[in-house]
Amino acid sequence: MTSPARTPQQDRSRATRRRLLEAAVECLAELGWNGSTVTVVAERAGVTRGAAQHHFPTREDLFTAAVEHVTAERLAAVRADAGELPPAGPARTEAVVDQIVRLYTGPLFRAALHLWVAAATEQQLRERIIALENRVGRESHRATLESLGVAQSATGVRECVQATLDLARGLGLANLLTDDAARRSGVVRQWSRMLQAALDAASADGAPE
């Protein structure tokens, strides 16, 4: 059974929603939580405040949906690029680590960080952000496993992948105030070597005797 064709109105509605989500992330990254009102986002997206509130009744709805939407798009891009990664080995591991670190050093991470800070003092937002971060964390972990081509069941792999994500988050924080690219590239190279050694050890431990 084929799905019904979308109408021009539905296409316009989807396009409006997408513009709002992308504008919300841009505003958060540039203006922070206090400066990112629904009105400011609507103006940047080129729609009315009423149209924004039709799609997202509350400010919390808009910004949590925005970060989730852009995160999903970035992770989808990571998965799509997996076919272009080098074969399994040190070069692939370093490429994956660099890929993950880049997810945490761009505007999306800056926007998410503003949400985390606001959530620390706003209970309603906190509950949403905790749930969002749990989903994003699971998806990021899964995408990293897929890109590395390793099984989480192998001894130590889960912890290695989680350590990689935690490292990427820390590097993202270090990059907020100054350009940390030079130091970061050295850290990525060294961590990639250590990660490769750990993955090789996990593979050897799991190999049949």
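At 0.36 nm per residue, and after removing the present C-alpha to C-alpha distance, how many nm does the segment from Asn134 to Arg193 gain when stretched out fully?
Working: separation 59, 0.36 × 59 = 21.24 nm, distance 2.83 nm.
So the chain would gain 18.4 nm between Asn134 and Arg193.
Considering the options Ala77, Leu177, Gly89, tell which one lies farthest towards the positive end of the dipole of the range 59-206, charges being +1 on Lys and Arg and -1 on Asp and Glu at the Cβ, about the Cα centre.
Going by the Cα projections, it comes out as Leu177.
Find the relative contact order for the chain and round it to a whole percent, using C-alpha pairs within less than 8 Å whose residues are 6+ positions apart.
Details: 187 pairs, mean separation 47.5, N = 209.
Reported relative contact order: 23 percent.
Counting other beta carbons within 10 Å of each Cβ, put Leu31, Leu173 in order, fewest first.
Leu173, Leu31
Calculated from DSSP H runs of 4 or more alone, at -39500 (n - 2.57) each and per residue, what is the 222 nm mean residue ellipticity of the chain, nearest 500?
-26000 deg cm²/dmol
Between Glu159 and Ala80, with labels modelled 7 Å along Cα→Cβ, what's the label distance in nm to one decimal, could you check?
Distance between label points: 3.7 nm.
Tell me the label only: which of [x] 166; [y] 148; [z] 121 is volume of the Cα convex hull per residue in Å³ as calculated from this structure?
[x]
Which FRET efficiency, nearest 0.05, do Gln9 and Ala88 yield, Cβ-Cβ r, R0 45 Å?
Efficiency, rounded to the nearest 0.05: 0.40.
Exposure proxy check: Arg158, Arg183 ranked by fewest other beta carbons within 10 Å?
Numbers: Arg158 16, Arg183 13.
Fewest-to-most ranking of Arg158, Arg183: Arg183, Arg158.
Round to the nearest 10 and give me the degree value, 0 to 90, for the angle of helix 90-103's Cα axis relative to the longest principal axis of the chain.
20 degrees
Size of the dipole of the chain about the Cα centre, Lys and Arg at +1 and Asp and Glu at -1 on the beta carbon, nothing else charged, in debye to 20?
The calculation lands at about 580 debye.
Just so you know, all these numbers are worked out from the coordinates, no wet-lab data involved. Here the structure is a predicted model, which is why all the values come from computation and not from measurement. For neighbour counting, all protein chains shown are included, and Cβ atoms are generated from backbone atoms with ideal geometry for every residue, glycine included.
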